[in-house]
Amino acid sequence: MTSVQMNVDGETHSDEVEPRLLLVHYLREFLGKTGTNVGCDTSNCGACTVHLDGRSVKSCTVLAVQADGGDIDTIEGLAEFSSNGDEEAGWHPLQRAFHTEHGLQCGYCTPGMIMAAKDLLSENPDPTEDEVRHGLEGNLCRCTGYVNIVKAVRTAAAEMRGDKVDTEVGA
Amino acid sequence: MIPATFDYIRAGSVEEAVAALTEHGDEAKLLAGGHSLLPLMKLRLASPEVLIDLGRVDALRGVCELDDGRLSIGAMTAHQDVIDNDLVRQHCGVLADVTRQVGDAQVRHRGTIGGALAHGDAASDLPAALLALDGTVVVQGPSGQREIAAADLFVDYLATSISDDEVITEVRVPKFDGSWGWNYQKFSRVAQAWAIVGSLGLVKRSNGNVEEARVGLTHMGTVPLRATAVEQALAGAAIDGIADAAEHAAEGTSAPTDLNATSEFREHLARVLTKRALTAAAG
């Protein structure tokens with residue numbers, strides 16, 4: 001067993017883990033953070049995307065011991081706590097935009113999509129449609145066909161920049 | 001999918017990693033970014049008994065200029081850090097451009113240049129690039145350091161000339177000035193997949209002619225290859241000779257047949273992609 005300590009969504013956690021434990025299983029089974037999904041489990045689909053020290057990673061392809069000492073952000077830490085009981089008021093602009101633009105059907109890929117998109121927007125606050133598509137090439141959706149996902153990311157980007165742009169895509 | 005059990009050693013330095021490799025021999029594997037090794041371990045295609053993690057060896061990260069004018073890239077430098085590095089962009093933009101086509105964003109955040117080269121997969125992008133750039137790797141073992149030219153590095157399917165007790169510490173590449181153009185054509189079925197075939201063309205232009213051309217081929221054999229017949233046909237030739245020269249791209253290759261493509265289709269792709277890459281590189 002190996003000791004790990006990491007900061008997950010703002011809280012410090014310490015545990016003894018098997019070296020072969022994957023980060024996604026640590027998050028889900030040790031910490032109960034089941035918001036992060038396991039999809040393909042082969043580094044393809046991106047459903048398990050979280051941020052490790054500020055960068056998007058596929059947590060099914062990172063050992064928990066490799067993340068020791070790191071800062072992890074998952075989908076569960078994205079929304080701000082809303083004291084008046086209005087949960088939606090605390091949503092991150094990406095969460096809101098995936099809702100309003102219908103960026104999901106079954107929702108399984110959504111936690112990974114949003115975490116990958118958040119990293120993309122931190123590098124490029126005003127991506128073109130093409131840049132969003134390339135930026136999210138590590139995330140697979142088997143329902144929507146991506147049009148509304150791209151729209152949602154650009155809508156969120158506009159909100160985060162504080163302006164309004166035409167986000168129509170794929171004419 | 002869960003890897004088989006292994007003992008985990010976190011190396012604090014290259015020397016510690018070499019000592020652990022020496023102690024455990026071929027039961028041990030080095031862990032860099034893990035984006036080739038961990039998927040193999042999850043599929044139980046690899047089951048090392050000891051994993052030696054280089055993640056804390058900070059001396060293996062970063063880029064600097066060598067006295068001989070080449071760039072030295074630390075083996076544990078993540079793909080994204082190669083792409084973003086000012087020295088790489090300024091002096092070896094071709095490496096940044098090829099690295100940008102490796103995997104997807106998440107893979108580029110974790111995968112490393114040294115790990116990709118040590119894995120030695122002829123279907124991945126960086127081995128063919130290092131070959132075309134005439135790059136080298138520096139490895140450190142129990143008896144010191146040695147430098148291995150890319151042409152001597154890749155010896156067979158997923159096999160390199162790096163010994164079991166050696167660690168890649170640096171990747172060295174020459175500078176390519178403004179007289180060089182380049183283009184990497186990667187043909188794959190879906191966006192993030194490995195190349196079914198890839199062709200990296202570099203062209204040094206001089207008075208409207210090709211002074212020197214280089215072509216690196218991805219996935220045209222068990223090891224990455226140079227299309228030497230194309231390079232020879234183009235040396236000193238006019239730029240409009242590219243299409244004819246590219247017809248030689250599959251000569252000397254041994255392209256595999258698999259679910260994605262027959263050997264013959266790969267040969268066709270090599271010719272087409274090489275023509276496109278060299279045409280764009282000369283443009």
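If you stretched the chain out fully between B:Thr5 and B:Ala96, how much longer would it get, using 0.36 nm times the residue separation minus the C-alpha to C-alpha distance?
29.1 nm
Calculate how steeply helix A:110-123 sits against the longest principal axis of the alpha-carbon atoms of chain A, using the helix alpha-carbon long axis, and give the answer as 0 to 90 degrees to the nearest 10.
The angle comes out at about 80 degrees.
By a straight-distance test (C-alpha under 29 Å), which lysines pair with B:Lys175 as possible cross-link partners, with residues fewer than eight away in the same chain excluded?
Those lysines meeting the cut-off are B:Lys186, B:Lys204, B:Lys275.
Using a simple spin-label model with points 7 Å from Cα along the Cα→Cβ vector, what separation in nm is obtained for A:His134 and A:Gln5?
Result: 4.2 nm between the two label points.
Please determine, in degrees from 0 to 90 and to the nearest 10, the orientation of helix A:147-161 with respect to the longest principal axis defined by the Cα atoms of chain A, where the helix direction is its Cα long axis.
It works out to around 90 degrees.
So, by mean Cβ neighbours within 10 angstrom, what's the order for B:220-229, A:53-62, A:36-45 with the highest one leading?
A:53-62, B:220-229, A:36-45
Fully extended, how many nm does the chain gain between B:Phe265 and B:Ala243 (0.36 nm per residue separation, minus their Cα-Cα distance)?
Result: 6.1 nm gained on full extension.
Give me a comma-separated list of calculated 3J(HN,Hα) values for segment B:65-82, in order, Karplus coefficients 6.51, -1.76, 1.60 applied at θ = phi - 60°, integers in Hz, x for any Gly or Pro.
Per-residue couplings from phi come out as 8, 8, 4, 7, x, 7, 9, 10, 10, x, 4, 8, 5, 5, 3, 5, 6, 5 Hz.
Can you give me the angle between helix B:263-282 and the longest principal axis of chain B, using Cα atoms only, in degrees from 0 to 90, rounded to the nearest 10?
Compared with the principal axis, the helix lies near 70 degrees.
Using 0.36 nm per residue, how much length does the chain from A:Asp163 to A:His13 gain when fully extended, once their Cα-Cα distance is taken away? Intermediate results must be reported in sequence, preceding the final value.
Working: separation 150, 0.36 × 150 = 54.00 nm, distance 3.83 nm.
Separation in residues times 0.36 nm, less the Cα-Cα distance, equals 50.2 nm.
Please average, across the residues of B:191-202, the number of beta carbons from any other chain that are within 10 Å of each residue's own beta carbon, and give a whole number.
Average per residue, whole number: 1.
Report, ordered by chain and residue number, the lysines lying within cross-link reach of B:Lys42, taken as a straight Cα distance under 18 Å and ignoring same-chain residues fewer than 8 apart.
List returned: A:Lys58, B:Lys29.
With both bridge residues required to lie in chain B, what share of the DSSP beta bridges run antiparallel, to the nearest 5%?
Values: 41 of 49 bridges.
Approximately 85 percent, going by the DSSP bridge assignments.
Per DSSP H run of at least 4 residues, take -39500 (n - 2.57); add these up for chain B, divide by its residues and hand me the 222 nm value, nearest 500 deg cm²/dmol.
My calculation for chain B gives -8500 deg cm²/dmol from helical runs alone.
Okay, helix-only estimate at 222 nm for chain A: each DSSP H run of n ≥ 4 adds -39500 (n - 2.57), divide by all residues, round to 500 deg cm²/dmol; what do you get?
-8000 deg cm²/dmol
Taking the Cβ-Cβ separation of B:Val155 and A:Ala79 as r and a Förster radius of 45 Å, what is the calculated FRET efficiency to the nearest 0.05? Don't jump to the answer; show the numbers that get you there.
Values: r = 52 Å, r/R0 = 1.16.
With a Förster radius of 45 Å, E is 0.30.
Between A:Glu88 and A:Cys143, what is the label-to-label distance in nm when each label sits 7 Å out along the Cα-to-Cβ direction?
Distance between label points: 1.7 nm.
Given a Förster radius of 45 Å and the C-beta distance between B:Glu16 and B:Ala280 as r, what FRET efficiency does 1/(1 + (r/R0)^6) yield to the nearest 0.05?
Computed FRET efficiency for B:Glu16 and B:Ala280: 0.50.
Specify which residue in the list B:His248, B:Ala229, B:Ala191 is farthest towards the positive end of the charge dipole of segment B:180-282, using unit charges on the beta carbon of Lys, Arg (+1) and Asp, Glu (-1), about the Cα centre.
Of the options given, the answer is B:Ala191.
Report, as an integer, the average count of C-beta atoms from other chains found within 10 Å of each Cβ along B:51-58.
2
Taking each residue in A:135-142, count the Cβ atoms of any other chain within 10 Å of its Cβ, then average. What number comes out?
Counting Cβ atoms of other protein chains within 10 Å of each residue's Cβ and averaging gives 4.
We did not get these values from a lab; they are worked out from the coordinates using the rules stated. Here the structure is a predicted model, which means the values were calculated and not measured. For neighbour counting, all protein chains shown are included, and Cβ atoms are generated from backbone atoms with ideal geometry for every residue, glycine included.
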